Every structure is written in C-alpha cells, then in structure tokens.
1. Taking Cα pairs under 8 Å and at least six residues apart, what relative contact order does segment A:2-108 come out at, in percent?
2. Using a Cα distance threshold of under 24 Å, what count of lysine pairs results for the protein assembly as shown when pairs must be 8 or more residues apart or interchain?
3. For label points placed 7 Å from Cα toward Cβ, what is the shortest-first list of nm distances from B:ASP581 to its copies?
4. Take each complete run of DSSP H in chain A, measure how far its Cα atoms stretch along the helix's own axis, and keep only those covering 18 Å or more with mean Kyte-Doolittle hydropathy at least -1.0; list them.
5. For segment B:132-183, state the average projected area of the convex hull of the C-alpha atoms over all orientations, rounded to one decimal in nm².
6. As an exercise, find the ratio Rg/Rh for segment B:162-209 from alpha-carbon atoms, using the Kirkwood inverse-distance average for Rh.
7. Can you tell which of B:VAL81, B:ILE139, B:PHE167 lies farthest toward the positive end of the dipole of segment B:41-197, using +1 and -1 charges on the Cβ of basic and acidic side chains (Lys, Arg; Asp, Glu)?
8. Which listed residue (A:ALA291, A:VAL279, A:ALA308) has the Cα farthest towards the positive end of the charge dipole for segment A:265-313, taking +1 on Lys and Arg C-beta and -1 on Asp and Glu C-beta about the Cα centre?
Number of protein chains: 2
Amino acid sequence: MSTDRAAGTATGDLAWLGAHAAARLPRTVHLRSSGPLAETVEAEIARLRALADGADGSLHLWDPAAAAQEGSVAGDPVAEVLEQLAGAGEEAFALRADGDRIIVIGTGRGLLYGFYAVVLGQVPASPDRWSRNAPAQPIRMLDHWDNMTVHPVMGQVERGYAGGSLFYEHGELRPDLTRVEHYARLLATIGINRVAINNVNVHAHEATLLTTRLDQVARLAEIFRAQGITVHLAVSFASPILLGGLETSDPLDPGVQRWWRTTAEAVYARIPDFGGFVVKADSEGQPGPFAYGRDHADGANLLARALAPHGGEVFWRAFVYDHHQDWRDRRTDRARAAHDHFAPLDGSFDENVIVQVKHGPMDFQVREPVSPVIGAMPRTRLAVELQVTQEYTGQQKHLCYLAPAWSEILRFPVGGPDSPGSTVAELAAGTAGRPGGVVAVSNVGADEFWTGHPLAQANLFALGRLAWDGQLSAQRILGEWTAATFGPDPLVGEVVHELLAQSWLLYESYTAPLGVGFMVRPGHHYGPDVDGYEYTPWGTYHFADRDGIGVDRTVATGTGFAGLYPEPWASLYESVRTCPDELLLFFHHVPYTHRLHSGKSVIQHIYDSRADGCERVLTLRPRWQQLEGRVPADLHARVTQLLREQERSAQEWRDQLRSYFFRASGIPDENGRPIH
Amino acid sequence: MSTDRAAGTATGDLAWLGAHAAARLPRTVHLRSSGPLAETVEAEIARLRALADGADGSLHLWDPAAAAQEGSVAGDPVAEVLEQLAGAGEEAFALRADGDRIIVIGTGRGLLYGFYAVVLGQVPASPDRWSRNAPAQPIRMLDHWDNMTVHPVMGQVERGYAGGSLFYEHGELRPDLTRVEHYARLLATIGINRVAINNVNVHAHEATLLTTRLDQVARLAEIFRAQGITVHLAVSFASPILLGGLETSDPLDPGVQRWWRTTAEAVYARIPDFGGFVVKADSEGQPGPFAYGRDHADGANLLARALAPHGGEVFWRAFVYDHHQDWRDRRTDRARAAHDHFAPLDGSFDENVIVQVKHGPMDFQVREPVSPVIGAMPRTRLAVELQVTQEYTGQQKHLCYLAPAWSEILRFPVGGPDSPGSTVAELAAGTAGRPGGVVAVSNVGADEFWTGHPLAQANLFALGRLAWDGQLSAQRILGEWTAATFGPDPLVGEVVHELLAQSWLLYESYTAPLGVGFMVRPGHHYGPDVDGYEYTPWGTYHFADRDGIGVDRTVATGTGFAGLYPEPWASLYESVRTCPDELLLFFHHVPYTHRLHSGKSVIQHIYDSRADGCERVLTLRPRWQQLEGRVPADLHARVTQLLREQERSAQEWRDQLRSYFFRASGIPDENGRPIH
C-alpha cells in the first residue's frame, strides 16, 4: 500500500468513496429520519468527514414524515412529491437543489440511495423541480464466484482476476471484514440490493455454508444488511445427499422436499431477511433434476416451495447446455440450448423463481446477439445475467469498459424496433406482479485495488448505475465514476475518458473477429489460440478452413438458431445480406472474400482491424504517463504495468490471428503490413 | 487392492518380483559370501521362498574366494573365469548351468546381479561354458521428478502418470517406506545403480533436502544402499542464496565456492556413499550461471569441486534452450540449442562432471533424430537421457513399449555406419577414463501398479536391461518381463506380445506425423491439439499452412541444424530425397503433395496412417479380453479401462488431425474415409 494516499485506512484504496467523494458532501447535514439505514447514513457522514472538509451549503435528509412537517420547499408544497414517492416503492427517493441547500426525501433504502446520490454528484442541474429517482430494475444483484478454499487450477475466485476472495481465507470467513464493510458501502452507492456470496459451482466445502457454516453467512448478511443489501447463497442441488445424508435429490421425493423445508427454516431462524438460493443445475457437471428425469421447473419449484413461507426466492440459472458436445457433429448448437431447455417451461415456474439468463446465447463473449430466451418467457420472472468480471474481455489486464456493451444489450428491442416495452431492460424489469432484474458476476477480490486493474472499478460502478437506470449513457456514467474516484482534475478526466470510453470496441477490434467468439487459450481463457476450442467438447467452434469461416446458424442451411428470434430479427439474422457485420460470423459461414457492409472483405477486415486495434493500444500508455503525479502513485504504477501487458497481449492477438488466417487463406494483406 | 493376489503384502502388486519369479529360484541355495549385499541376497531368498516353492535343482552363489576354494566346475578350473571377473569391475558376474545346479560367481553388486539374473530366468542355454556378464553402461541411473508437495497444476510428480510420489507425502518422507524397499529391489534386478530422488525443477521446499531435510535423504540412501544403488539429489543452482543466505550464486565467488564445499562436507558426513548432484540450470526458468555471465562449465565445475574430495559427481543437464522464443522468428531453432551451448565447452568440464544429454534435440517426442551433442563432446563424460515416464508417448494411458525406440537410439552409429565404436551406446558408455552411461526419468509413482498402466512396467524393466546390454533385442526383453510378471502361460505371452511389441510404432502412427512432433494440448501434453504450441514461446512449431508443413532445418535454406551432424548424416538429412520418411517433417518443410519414399503423398500418409493406426488400436481390447481369469483380476480391469481410454484418445487424434489437414489442404482422402 502506498503511503501517499489521503486517509490511510484498513481498506486501503477507497475506490469512488474516498476524499473526492467526501469533498462533495456539504459541510452541514441535517438528517431527519431514524432506523438502521439512517444510522448507516449517519456513520457514513462521519466517515466521509474524516476524509475531507466537504462542500459549501447544506444537505437535508428527510423521511416522508419530516418532509410533511416541513410542508414546502422553495414555496412548492411537498405533498405531490410525497404522493409520488409513496407509490414508487421503498427504494425511491426525491432530490432537489434549492439555492445552497440540497434536499433528499426518502425512507430506508430510498433515503440511503438519495444520500449516496449527493455524495456521487448526481444532483440535477434544474433547481426548480424535484428529481424523482426509482430503480428501473427491481433486482440489482451481484453474484460472487468465490470459493472458500483455493482451487488448484481456478484459484480461489472462479474466473476472478483480482486476487483471492474478499470474504474467505484458508477455508473460512476472514476474521477481519473491514474491507467487506467498505465493499458493501460501495455497492449501496450504486444501488445494488442483493449479493450471492459463493460460487455457483458449489464444492463440498462451500456446500456447508447452508448448514454447519451458516454462522458465516449470517455474519456477512449483517454487514450487507447495514447497506440495504440482501444476502443469497449458491447451493448444490445435491445438498440433500451431500449434507442431509439422503440417497436422492429427486425434486418429487417427499423426503427431499422435507429436507429443503427444514433446512430453509433453519436458515431463516438465523437470518430472517435471507434472500434465497442461487442454483446452477445440470450445467457443466453440476447436479440437477435431469438425473431423476425431472425438468428444471420441477427442480426450481422444489427450492422455491421451501423458501416461499419465508419470502425467499430462487435464482435458477438457464446456463444449461451439453458440455460434452461432439465437435464432429455440426447440427448440435450450444447457442440453442438455453432456449431449447427453458422456453417450453414458460409458465411452469413458481412465483418466487427467477430464471437467470445470460445476456447472450453463448458465454459472455465480447460480442454476441441478445439471448432469444429473453422475450420467449413472458410468464416467467427473468433476470438478465451480465459479467462484470472480465473473463473473455481481457481479464482485468486489458482495458475494457463494458458499459457501452451493456447499454446496447439493455436497449435492444427484442420485439422489434417498433414494439414498445420490449427492450431487454424492460423485459428484464418485468411487471409489478413478476418483477425481474439484472444479475452480474462481480469483478472484485482481495486485490488492494479491489478489481486488479484499478480502472476496472469503472465496470462495477457502471453495472450498478445501468441496473438503476438503463437510459443513462455509458459516457455519463464514466464521467461520474472518474470524478468521484479521481476528483475534478480536467486532464485526468480527459485521459481516463480516452482510455476507457472506446475500450470495449478496441478490445473487440484485435480479438476474435465479427462475432465468432472464443479463440482463447483453453482453461484460463486468456490470450489468443485460434483453434484452442475448435476440437473440444465445449460447443464453441469457428469452423475456419482454407476457404472461409463462421457458424451457419440459419434456418435454411444451418442449425436454425436464427429462427428462434421474433421478427424482424429472425429474418435480419437469417440473411447474410442484412446480418450486421459485427455478428456476421456468429450467424453465417462465409468465404474469406465475402464483402462486409463496410466494403472490406472478411479477410482484409481481419488483417486491418487487428493491426489498427493494436496500433491504438500502443497509444494508451504514453497518454496515461501524463497523469503521473496526478493520481495516486501506486495506482499509476499498477495501471502502467497492466498497459504494458495489454500491449504485449494485443500484439500477440494481432500477430497470431493475422498469421493463422494468412496461412489458412493464402490471401495477402492488401495493405502490405507484415505477416509472420 | 484385490484379494485374489498370491501373498498379499504391504507392497501389493509385486511387479516382476512376485510368485512367478519366486518359482524360478531353485529350492536349494548355497550362499558363500558375506557383506551387506550378501545379506540382501539372503533376505531376498527368504522373501521369495514365502511366495512360491521354487524350482528343482540348486543355486550356488560364490564370491571369488569361495570359487577359488571350489577349484573347478564340471571339471573346468575356475581360475580363468576368476581372472576375467577380476578385470571386469565389481558389477560383473559369471554364471553357468551345470546339470541341475546353477553357479554364480561375483562380489558385492556382481553377486547380487547374478542372483537376480537367475530369478529372472536369464540363465544361458549353453551349459558347458561360463556366461560372463558385465554392464555396457557404467552409469545406469533413474531420475525421479518427484516433489514433496503437490503442485497445483503439475501434481506431485512432474510429468508423473502413476499417482503421487512413492517417496513423499504431505511435504515429508512417507513414514512407511515398505514400497520403496520393494522398488529398490526391482531396480536392482534390472541393474540400476543410481537414483536421483527429487525433481530437477527444485522448488523452495525441496531445496531443503540438501540441508535441513538431509535426514530424509539419508533414510532413502539406506534403503537403496541395501540394493547396491547410490542416491543423488537434484539441487538448485541458487542454493547459496535460497539456503545459505548469500547474495549471489556466482560460481566464481569465493563465498559461494566455500558454501558448496561446506555443504558437501555436511552431506558426506551424514551419507558417506552419497552419489552427487543433478542440476537443471538456466533451463525453463531454473537459475544458473548465465545470470553471472558465466558458462555451464563454470557452473558445473563449481559443484564438481565441492564434491570431488568425497568422490561425488555432478550430473549437469544439457537441456538448455530459450523457452521465451518468438514464434515469429523462424531462424531461431530450439533443436540447435543444446549443441550451440555445450559443444564449444568440450574439454572444459572437470572429471567428475557428467553432461546429461536428452537423446533427441527436442524433448522426448515419439520420433526424433539422435541429438548431435552425442558425438560432439569426445573430451566430456556424457550420459544419454531417456524418458521412461510417457510424457509425450501416451502418459501411461496408451500402450507404448519404448524399448524398440531406445534400441534404435542406442544402436545409432553417430560416426556413420562404417565408423566403429561410434554408436550412441558406445559414446555414452565412454572410456575407462571417462565413463558415462544412461539416465532415465522414472515412470513409477504411488499407484498400486507402480506405473499407472500395469503394462508400462515393461518400460521400466526394459530400460534397465538395455542400459546393461544395448545389444539385447526389445522383443527378448519383453519376453523376459512377461514371463517374470505373468508366468509361463503361453496365451498371456502371446497376447502381451501382440499388445506391446509394436505399440511404439502404433502410437507414432496416429499421433503427430513424420517426425514433426508435439501437436499436443499445452500444459499437460496429452491429447491432440495441432496448433496447441504453434504460436507459443516454446520453440516447437510445425509451420503448417494451406500448402504444406514441416520445419526447414537444412543448411541450404533453413536453420542449419542438419549441418550439426557428422557425415554421412548431415548430407542424408539435408536432402529431401535421402531424408528418412519418419524424420521428413523434422528436417524439411514440404508441400502436402510431396511423395514419400513409401510412394504416398504426405497428406495421404497423414490420412491413412491415422485411420489405420486407430483401426489397429480397436483390435487391442478384444484381444486383452482373452486374458480374463489368466492375470490378476484387478490388473485385468485396470488395463481394460485404459484400453478404452486409448481407443477414445486414438480416435480423437485420428479425427482432429484428419480434419485439421483437410481444412488446411482441401485435398480429399483418396480412400474416401470420412473426414468431419
């Protein structure tokens, strides 16, 4: 830990809740509310006060009763806004700047979120109106793929790129949870209201969190509760066998049902506001209902019925596919799997089941179409799963600000551009009767900068902000994060913007081309290996040969996947003429000489994009050097070191892909850039 | 462990030293010798007696004094044979069948080896003459790549395919070393006279075997000593820093020299017959003299001078190459590296340094030319390194009896077919003044069958036999092993012969073609991945593109490697017309349409050989089924299970390679067999 940080604390780097944020909190704060979350606000005020002096003016935090007492603000009666708030749920708040005072009205979580909005500078520009804030997504959840012990290959956090687990060490909860407290605080500022605290691949040791290690869950629940966050547990579908000593996990077995009921009762006796279970079943080797000839509704409803009496919910992942696929068989298509398994079950899930669907049909690639499951299950509660941890997007070694990608996904109109209410965000949010939301895999670990790459904190921040309001622009969110993290220095803002704003498209430009995906090293998924997954059972193929590349997913001649979409998308993807360039190889197998809408041939696009992308990567580090002395020295050094790795890796991507496709196609680069 | 084994013992499977061997020991044995190794013989007689009744006739074990007392055998005076023995070294023995009695004359190890020769049925057919036996290779050594702790990726034994370490468990020597005692016995029967007991990649924990954990070495030395085997230790070149707290390991630094001298003194005080050190320096990340601008002679001689006063020796590995090679650079050739580094140092090594050279220029591939280092260092003691552990030859899941390959290597006339005394075996053996030998990496682990695949025991057996006598045929050795292991059942002999005799060529036929090597999954090295190492820093490339494949190592247009050989080999390998088919792609880059001497095109060879090989693999299991009930049931089951895996894997090799090269070349299989 460097010594040049303001306010050295046990947490080290404070991310976006340090001195710069503290400086934005008005010097005078009047808190007129009570209850546990009001106490949290109070404590947070004290913590921020210790970091910086605060801004001019005053902040008034009122619960509705206090606001009603006040009667009016700047002459406007508050009755109207109070009425609107009452109908907007307990997470909503209203905010208004009135001269040099800022007023927030809310209850419980609403008040907490309003307070953090002020700290993060989200005060509206127009002083004469109330800004009414309520989250777009009822569910705003982070999944942690943390193990308690260290896996010999995966490390401690599966697909984690930020050191070990923030929660566990040596197989148990860490004795010192100070950093977890700060993490919970960070999550609350961005409106996260749920976390799942362990890996969905539930190993034997972690399975016991449900029973003999329940105290450790309770301890985490206590910390998260203080920030309005509910704790969930990933459980093994085989728990009745693993933990209960039963001989079956069959969802229709009365003994199994009884075991889950009893177990849920014990959990709620200890943690009354426990959120529920997260389950990965019949997926990549995890146990599930298929073993007993039951379907996923049977499986999910089993757990749902055990939780229902206590208000708990089941997050049931739709990531089910054959991971022993035969690469020789070109008719099987992993992209179809979630739809094939789940769409027919629409309407069969209990009301407290949320089917958790990855945003794309494959697995968090840098570019995928939206999953056709979203939109295909109108009678089911859904949560769209995003991945903040950068598994396939540079592993927190490459810059890849994902908010533009998420924005595109959330705004995608599943029912067609002219079909109202059909964006992914709207479908995920669901209805009052069937609320859904957004779940994302966290990118945080025990690393001193939380996320390995300090600039990857922006992804965590953006995830929360977009789940709160999918209409926010990725660039605006980036500005908020930069200011809160690094303060008002305009050069810092400019450089960070330059590094991050286009970094997703930049990463796409030098890695797997045109939506084809993968081409990574098997196992760890980092770095290029064009054929790495080509002859494996994982269903992630590109079918490149000497003539062409891509996966034919058309109805006419391919796997039929394109036909799973509603119109106009089915026809648009079906035709090689209308399919967007960036998804061309996801839907079509084309010759290298095929002309893109851009006018380039596929092969020339592969050559140029990798070379151009790499050239741009080489401009990043010199730019970052300009911030030396303007951001904390240890953070500056870490980013510099990672930019070096990004340069090395981007050149490797460029050279391997250019060589591979030149060797395959024999077509020279018409720009004459060297191919090895 | 199955219950149907004869003589259940703490060691379980007794390999080739069980009841069948015991049955060959004559019922009456007269031992006329004394000393520790005579006591070992005595104990071994008792152990074998407990396993089986023994054969008719008698065995007479005489040391030279006893033989001289006896005076004559069958009327022949023994004086002549005693004189010959006296000049042949302490490992030699004489053996003669005289009616129903067998006579062995020898001292110490010689007598022990003679005794085991009788047990293993190596009694000569001609009864009227003395058979005089002395080892061809003075050094007959096994290296163990065992770690004390379990590596998260490599497991406990690096490149081990037979479970954990036989020696260590939980970071320390196993408390129960019964199986090590039997292992030492097995090694003595095949004439092994040295072992190195830890991985040449010496990690921090294992480094302490040299100092604070020396007692554990002493304990192993005691066990091996009883079988005439000397113990060696792999040490880190950085030991003075790691263990001694010095700031340098510079071989010319007087403090470093002093540290090694003192350390060696302490080792010999504890283990007076300690063999010496094994060192992997400046290789794949291990520390070495290059860091101080010194060469490998400086490094090796540093250790040699510390060991010399005690009679110890240094095994210094020549496996030095740039493992951060740039795949873009086609002029650098890993195959050249050992020659480039070591040949110029010929004559600079101390007399107690043995340079340990891998048999091929790359890394234990199924087919490589002989390393040009062998023959290039006439003034240096050499040991040729072979690999019994099947890293690149099926990992003890595939059948691959390696004796035919080793035979070919040992008989290869480095100086040309007409140059006497220049075979690899002769060059390795060296001269009386500069004795060398054979070192091999063991394939044994904690597995109940010692070698994972029970039939892989034949490789261990053959290694010892060939180091003893390189003129023995691989098939004869196989017969010896089969009879000792499974007894005289002719069907067993026939089937085992059918499974093993051609298994090396069979393995070659369906894996990487025509000497090109690798094409395995990176990291674990099992299973096909044609491009797995193609764009890595490891220097193991095939350069396949749409037109052709292979590495141009000619002097005329390639890396010049072919020119490192003496004539006639240099010219033979240089020309694509004279280069043997099986090494064609090692030395040349050729079009797929290039005609082999076999008359087939390269591409058709790739297609046919993989398909034919795979078909043959599918015949093995039905054949093995015929032995059910004729070999121990647990062993039968294990082999059956592994044959299934071999079938699966061979089909994967066949299909991946056929598909890869069809996609690349676009040339159809003229035999019309399906390509996926």
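1. Working: 143 pairs, mean separation 28.7, N = 107.
Relative contact order, segment A:2-108: 27 percent.
2. Numbers: A:LYS280/A:LYS358; A:LYS358/A:LYS397; B:LYS280/B:LYS358; B:LYS358/B:LYS397.
So the count of such lysine pairs works out to 4.
3. Here the equivalent label points are 5.0 nm apart from this one.
4. Details: long enough: A:36-51 (23 Å, 0.34); A:254-270 (24 Å, -0.78); A:602-625 (36 Å, -0.63); A:633-665 (47 Å, -1.05).
Sorted by number, the helices that extend far enough and score high enough are A:36-51, A:254-270, A:602-625.
5. On the way: hull surface 20.9 nm².
Hull-based average projected area comes out at 5.2 nm².
6. On the way: Rg = 12.1 Å, Rh = 12.2 Å.
That ratio equals 0.99.
7. Checked the options; the winner is B:PHE167.
8. Among A:ALA291, A:VAL279, A:ALA308, the one farthest towards the positive end of the dipole of segment A:265-313 is A:ALA308.
Values in this text are rule-based calculations from the coordinates and carry no lab data. Computed from a predicted model, the values in this text were never measured in an experiment. Counting neighbours? That spans all protein chains shown, and the Cβs are built from the backbone with ideal geometry, glycine included.
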